[in-house]
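The structure under discussion appears below in the form of structure tokens.
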Number of protein chains: 2
Amino acid sequence: MTSLTDCQQRDAQDPLRSLRDQFSIPGGVIYLDGNSLGVLPKTAAARVAEVVTQEWGSGLIRSWNSAGWFEMPQRLGDKIARLIGAAPGEVVATDSTSINLYKVLSAALHIAAQDAPQRKLIVSERSNFPTDLYIAQALCAERGLRLQLVEPEEIPAALTPEVAVLMLTHVNYRTGAMHDMAAVTAAAHAAGALTVWDLAHSAGAVPVDLNAARADFSIGCGYKYLNGGPGAPAFVWVHPRHADRFWQPLAGWWGHAAPFEFTPGYRPAPGIARYLCGTQPMLSLAALECGLDTVLAAEPLGGMAALRAKSLALSDLFIELALQRCAGHGLGLATPRAHEQRGSQVCLTRTNPKAPDGASGAYAIVQALIARGVIGDFRAGDGDRHPDILRFGLTPLYLGFEDVWQAVEHLRQVLESGEWRRPEFNQKMAVT
Amino acid sequence: MTSLTDCQQRDAQDPLRSLRDQFSIPGGVIYLDGNSLGVLPKTAAARVAEVVTQEWGSGLIRSWNSAGWFEMPQRLGDKIARLIGAAPGEVVATDSTSINLYKVLSAALHIAAQDAPQRKLIVSERSNFPTDLYIAQALCAERGLRLQLVEPEEIPAALTPEVAVLMLTHVNYRTGAMHDMAAVTAAAHAAGALTVWDLAHSAGAVPVDLNAARADFSIGCGYKYLNGGPGAPAFVWVHPRHADRFWQPLAGWWGHAAPFEFTPGYRPAPGIARYLCGTQPMLSLAALECGLDTVLAAEPLGGMAALRAKSLALSDLFIELALQRCAGHGLGLATPRAHEQRGSQVCLTRTNPKAPDGASGAYAIVQALIARGVIGDFRAGDGDRHPDILRFGLTPLYLGFEDVWQAVEHLRQVLESGEWRRPEFNQKMAVT
């Protein structure tokens, strides 16, 4: 069994160890929720203050030119591109993930309507992140299409000649299960369908190569593994073979070929810039750039491949320790064991045969851990196929092997002491 | 003629004078561009720093509950409501103006399609802000509708039985001309059309009473007269008689009735909350709240009515001084003289009979003023109906009567000295 000393030795030998010095992490906290909101880069406070006091306060309207505000979506997009296998000029940082999904799914459906008008189906996963399904439902209602939800293993059979678009999240938000993007994209293309990939739990977490996979459309989130801050703008990528084919419907002035000509007729900018819509929140974009820089700082140390290797080592260790040291407490593993099938999180289930109502206790266990400074999160199941989940994000940029050991030790103590049964840990509140 | 001493006396007697102490304005600057980007509230730097270091840095994911992040769009919306004649719970602060327009115009067109499917026309003004026209064009293309652009005086005749929606910006961005919202709305309703009002140049600038006008849908901007900072989130209002009738198509999880149940089916929240879509940028929302508070600080001093009286006094003075003191230099007035027909800006034109190509010189004059610290902006004309514009926003929260005197004095000197002819003032760059 791996010991605390073993973990400390692994930290001492970790070539990525210095990357954690980029972050401001509160004392007493082991943060296993970077898949929900990444931690604060140390540079962000000063950079945001500069935008507020210098660029806004002193530069005022002049900063649109002098501080480069106009180019922020493209400049940040080029940084994101390096993390997801895209080329410079193929990505913009803008708006929210949901809104960007609306843009790319609209465009994909336009292309399908032109190339294969008989295809009337969007296929997605039943346990996809709900907002993705809501956006797809709205577009189906507008366009007279149908959304078909399947389980992951049913995807190959669902790729019928009726399918216009296969819309998937690369890494599942609940379980951490990861699709093989290249293989699934190839299967979709072989069946005549386009692909839309949501990288919310992938960008900055696992290596992604959109161009190598010949993916069609992609979006992702700025505030999870990219450490961009609460509600940071999201991003959007469109393969160059599609980018100029259609307007996306959120055709605002920032996507115009010449926004400052103020002409009454829309003329889309070439390439990805037409996926911009309105004026972007500069304070939040500035913080996002600080977050992106923390991930790009790994490039001289091996980049995403090195981060991935450490992420897998951390999560293997978490799985090993949790199942060994918490044995007898009903924990199970919801995340696939195979490396190629999972992202950068470990999800546990809990069966609690003693509970008369079958309640898993997972919510209260997560609350008890949070009270000890071990911050993960809880995702409710539906009692049937999807059980309650204890979700632990393992972010190699700022977590070490001892952190994993200590987190599991807290979990063990919470379970053995029964402190999770305290009433204060069973009061539900809004969760993210 | 009004003298500098007169202006100084008016400042000394101005009951709203203390409101300017809320702002951090760079030395040597007379800022006449608050209609493009409002100035920095003194509270914003500390508040944004608190969000970055305390709420994000220390609170991390817990701040969604403990720092009230979830309620920010509604909490700020309630503050905006006080400025535009809306009730609490009727407004949310979210996304960009362009995106919010897409939401409300979609909803308006849904209602029209159900109540009066034969109506296939959106009517708007030819000189409406272009992004509004682009969004309308995109929706027309999606839904098989047509956008008809008219001049302001042609609106009554354009309200035919074919019109589904009349979409207008309340105060014109180029000229400052203001529509009579109540009268135009009544005329639209009498003709069976719905109204969409863009308040980008109205909210915080002129009194607005959406409910008294029985308007249908409205959107507006956070970074102009509301002083919310560069790219601050925008806002959206829907009359309660319409709010629950339709989904808007940007149906993301923040607009769900129970977002944290993570159910695969969309169920819209009641009321205005269904106009939310994805996660919002908290740093930029925090700055917006500081801006809103600067406008609400006028409430004990008479609120928007008192601000309006001062705005009109400032703009009357600007017009009087500019036309008197710069006589002989070809300046004309593009903004209507009648108080009820204009917003909070003064727009000048310039004819330059000596220029062989008919060039107005307006661009270079604005650049020469900016070099002197008098920041207004330039809007290019189309040579025909719309001339080049020198645009001066007069924000009563932070401008005084002496500021107006000094600004006009600089304009006089720029014109009389001919310094605007210098090459450096004639180099075009991107403008906002």
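A crude spin-label estimate for the pair A:Asp382 and B:Asp316, with each label 7 Å from Cα along the Cβ direction, gives 6.6 nm.
Measuring nothing but how far apart in sequence close Cα pairs (under 8 Å, 6+ apart) lie, relative to its length, region A:272-416 scores a relative contact order of 24 percent. Ordering B:Phe129, A:Phe235 by the number of other Cβ atoms within 10 Å of each residue's own Cβ, fewest first, gives B:Phe129, A:Phe235. How far apart, in nanometres, would the label points at B:Glu154 and B:Thr263 be if each is projected 7 angstrom from Cα along the Cα-to-Cβ direction? Rounded to a tenth, the inter-label distance reads 4.9 nm.
Prolate is the label for region A:1-48, because a/c, from the alpha-carbon gyration tensor with a ≥ b ≥ c as root eigenvalues, is 1.5 or above and a/b exceeds b/c.
Under 1.5 on a/c is rounded, so check that first for chain B, then, if it is not, pick prolate when a/b is larger than b/c and oblate when it is not; a ≥ b ≥ c are the square roots of the alpha carbon gyration tensor eigenvalues. The shape class here is oblate.
Per-residue Karplus couplings for region A:230-239, computed as 6.51 cos²θ - 1.76 cosθ + 1.60 with θ equal to phi - 60°, are listed in order as x, x, 3, x, 9, 9, 9, 10, 10, 4 Hz, Gly and Pro entered as x. Phi angles across region A:152-160 convert, under the Karplus curve 6.51 cos²θ - 1.76 cosθ + 1.60 with θ = phi - 60°, into 3J(HN,Hα) values of x, 6, 8, 4, x, 5, 7, 7, 8 Hz, Gly and Pro given as x.
For region A:284-378, the Kirkwood estimate of the hydrodynamic radius, built from every pair of different alpha carbons, is 15.9 Å. Taking each residue as 0.36 nm, the span from B:Arg146 to B:Asp115 lengthens on full extension beyond its C-alpha to C-alpha distance by 9.4 nm. Looking at region A:68-296, the DSSP beta bridges with both ends there are about 35 percent antiparallel. Ranked from shortest, the separations from the 7 Å Cα-to-Cβ label point of B:Gln341 to its equivalents in the other copies are 7.4 nm.
Region A:326-405 and region A:48-80 have Cα centres spaced 41 Å apart. For B:Gly303, the label point sits 7 Å beyond Cα toward Cβ; its separations from the matching points on the remaining copies run 5.8 nm, from shortest to longest. Note on A:Thr5 and B:Ala46: with the Förster distance fixed at 41 Å, the Cβ-Cβ geometry gives a FRET efficiency of about 0.35. What is region B:65-194 by shape, rounded, prolate or oblate, if you read a ≥ b ≥ c off the alpha carbon gyration tensor as root eigenvalues and call it rounded for a/c under 1.5, prolate for a/b larger than b/c, and oblate otherwise? Prolate, because a/c is 1.5 or more and a/b exceeds b/c. Ordered by the number of other Cβ atoms lying within 10 Å of each residue's own Cβ, fewest first, B:Lys354, B:Lys224 fall into the sequence B:Lys354, B:Lys224. Summing Cβ point charges (Lys, Arg +1; Asp, Glu -1) relative to the Cα centre of the protein assembly as shown gives a dipole of roughly 340 debye.
Give me the percent of DSSP beta bridges within the protein assembly as shown that run antiparallel, rounded to the nearest 5.
55 percent
For B:Lys310, the lysines whose Cα falls under 24 Å of its own Cα, not counting residues fewer than eight places away in the same chain, are B:Lys42, B:Lys79, B:Lys224. In chain A, the longest principal axis of the Cα atoms and the axis of helix A:4-13 are about 40 degrees apart.
Counting neighbouring beta carbons within 10 Å and listing from fewest to most, the residues A:Tyr266, B:Tyr134 come out as A:Tyr266, B:Tyr134. With the simple model of a label 7 Å out from the Cα in the direction of the Cβ, B:Ser66 to A:Asp244 spans 5.2 nm.
Using Cα-Cα distances under 8 Å and only pairs 6 or more residues apart, what relative contact order does region B:68-296 have, in percent? Could you put the intermediate results ahead of the total?
Details: 467 pairs, mean separation 54.7, N = 229.
Once divided by the residue count of region B:68-296, the mean separation gives 24 percent.
Once the C-beta distance of B:Arg126 and B:Gln54 is scaled by a Förster radius of 56 Å, the resulting FRET efficiency is 0.70 to the nearest 0.05.
Here the average projected area of the convex hull drawn through the C-alpha atoms of region A:68-296 stands at 11.6 nm². Based on DSSP H segments of at least four residues, each scored -39500 (n - 2.57), chain B has a per-residue ellipticity at 222 nm of -10500 deg cm²/dmol. Each principal axis of the protein assembly as shown carries a Cα extent, and these read 91, 56, 50 Å when sorted largest first.
Each other copy places its own label point for A:Asp316 at 8.1 nm from this one, sorted shortest first, where the point lies 7 Å along the Cα-to-beta carbon line.
Structural descriptor for chain B: relative contact order 21 percent, calculated from alpha carbon pairs under 8 angstrom and at least 6 residues apart.
Here the calculated FRET efficiency for B:Ser417 and B:Asp293, from their Cβ-Cβ distance with R0 = 35 Å, stands at 0.25, rounded to the nearest 0.05. Counting only lysines at least 8 places from B:Lys120 when in the same chain, those with an alpha carbon closer than 19 Å to its own are B:Lys103.
Residue-wise HN-Hα couplings along region B:57-62, as the Karplus relation 6.51 cos²θ - 1.76 cosθ + 1.60 with θ = phi - 60° gives them from phi, are x, 8, x, 6, 4, 5 Hz; Gly and Pro carry x.
Here region B:80-216 carries DSSP beta bridges of which approximately 5% are antiparallel, counting only pairs with both residues inside.
How many percent of all Cα-Cα pairs in region A:194-281 sit more than 14 Å apart?
On the way: 2593 of 3828 pairs.
The proportion of pairs with Cα distances above 14 Å equals 68 percent.
Every read-out reported here was derived from the displayed coordinates using simple, explicitly stated rules and does not represent laboratory data. Small disclaimer: the values here were computed from a predicted structure and weren't measured. Please note: Cβ atoms are built from the backbone with ideal geometry, for glycine as well, and neighbour counts cover all protein chains shown.
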